[in-house]
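Please read the structure below before turning to the comments.
The values are calculated or read from the model by the stated rules, or taken from the named source; none is laboratory data. None of these values were measured; they are calculated from a predicted model. Every residue, glycine as well, gets a Cβ built from its backbone with ideal geometry; the counts of neighbours run over all protein chains shown.
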Amino acid sequence: MINLVLFGPPGAGKGTQAENLISKYNLVHISTGDVFRKNIKESTELGLLAKSYMDKGDLVPDEVTISMLKDVVDNHPEAKGFIFDGFPRTTPQAEALEVFLASKDMKISAMLALVVDDEVLVNRLLLRGKDSGRADDADESIIRNRIKEYYNKTAILKDFYDAKGKYFGVEGVGSIEEISERLYKVIDTL
Ligand code: AMP
């Protein structure tokens, strides 16, 4: 079983690369951002709560996010493996994920990080905001807050997985195919 954490700042291309990885390795993709957006669309209680944080570019509280993630994993007992995209984003989330997976006799195989320069990220997200309709992609100050949240709370997870020999950084600039090939190369050595 391969369980991957896809890592990188907002706009690094995690969603795009996840699509290629899912089809190549037959994995279940869990994007916590997508699950929150679906809940917002359906006006669930979780969606209303998440929206108040997401609209500002802040992280949704750990307790809420962790419990949602566990539910999604539990709903896929048939999975051959998972790609966690946008999760974990904080140390408590990473620790909770370890404990939860261990309870199911599972573990993270690797964290694959897409490395992209900040200014490239802001430009990519502003461009995406023109088509995606995502409120958090339309405003430069919200985009910069999301990148700040990443450096304040999320970037530390590199050390968390590095200490376990599970961190792999991959250059996230180039064509989609080039970047996918770099990721496949790492996964095929696992
Ligand atoms: P994303 O689609 O991954 O860029 O996530 C969009 C927004 O959803 C983030 O800016 C957060 O507000 C929220 N979010 C997604 N995943 C998480 C997470 N693991 N922890 C907390 N908030 C999250």
Restricting attention to the range 1-17, the residues that are surrounded by fewer than 20 Cβ atoms within 10 Å (Cβ to Cβ) and either free of Cβ contacts under 8 Å to residues at least 60 places away in the same chain or near the ligand (Cβ under 8 Å from one of its atoms) (or both) number exactly 1
If we keep only residues of the range 40-61 that are in a loop (DSSP other than H, G, I, E, B) and small (Gly, Ala, Ser), then the residue modelled with the highest pLDDT is Ser43
Selection over the range 35-60 where residues are more than 6 Å from the ligand (Cβ to nearest atom), touching a Leu at 6+ places or on another chain (Cβ under 9 Å) and either aliphatic (A, V, I, L, M) or closer than 13 Å to Ile142 by Cα (or both) yields a count of 2
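Listed here are the residues, each with its yes/no results for (1) more than 15 Å from the ligand (Cβ to nearest atom); (2) among the charged types (D, E, K, R); (3) touching an Asp or Glu at 6+ places or on another chain (Cβ under 8 Å).
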site: Phe87; (1), (2), (3): no, no, no
site: Met106; (1), (2), (3): yes, no, no
site: Asp137; (1), (2), (3): no, yes, no
site: Arg144; (1), (2), (3): no, yes, no
site: Tyr150; (1), (2), (3): no, no, no
site: Ile156; (1), (2), (3): no, no, no
site: Ile176; (1), (2), (3): yes, no, no
Being crowded, with 18+ Cβ neighbours inside 10 Å and farther than 26 Å from Asp105 by Cβ is the filter here, so list the residues in the range 60-73 that pass it. Val60
Condition set farther than 23 Å from Ser180 by Cβ and of a type in the set (Phe, Trp, Tyr), scope the range 150-169, selection modelled with the lowest pLDDT: answer is Tyr151
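In this structure, does Asn20 turn out to be over 20 Å from Asn75 (Cβ atoms) and either within 12 Å of the ligand (Cβ to nearest atom) or surrounded by fewer than 19 Cβ atoms within 10 Å (Cβ to Cβ) (or both)?
Considered against the rule, which asks whether it is over 20 Å from Asn75 (Cβ atoms) and either within 12 Å of the ligand (Cβ to nearest atom) or surrounded by fewer than 19 Cβ atoms within 10 Å (Cβ to Cβ) (or both), Asn20 comes out as yes.
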Against the conditions (1) in contact with a Leu (Cβ under 7 Å, 6 or more places away or on another chain); (2) outside any strand (DSSP E or B); (3) of a type outside the set (Gly, Ala, Ser), where does Val99 fall short? Just the number, please. (1)
For Ser31: the one exception among (1) within 8 Å of the ligand (Cβ to nearest atom); (2) more than 20 Å from Asn152 (Cα to Cα); (3) at pLDDT below 95: (3)
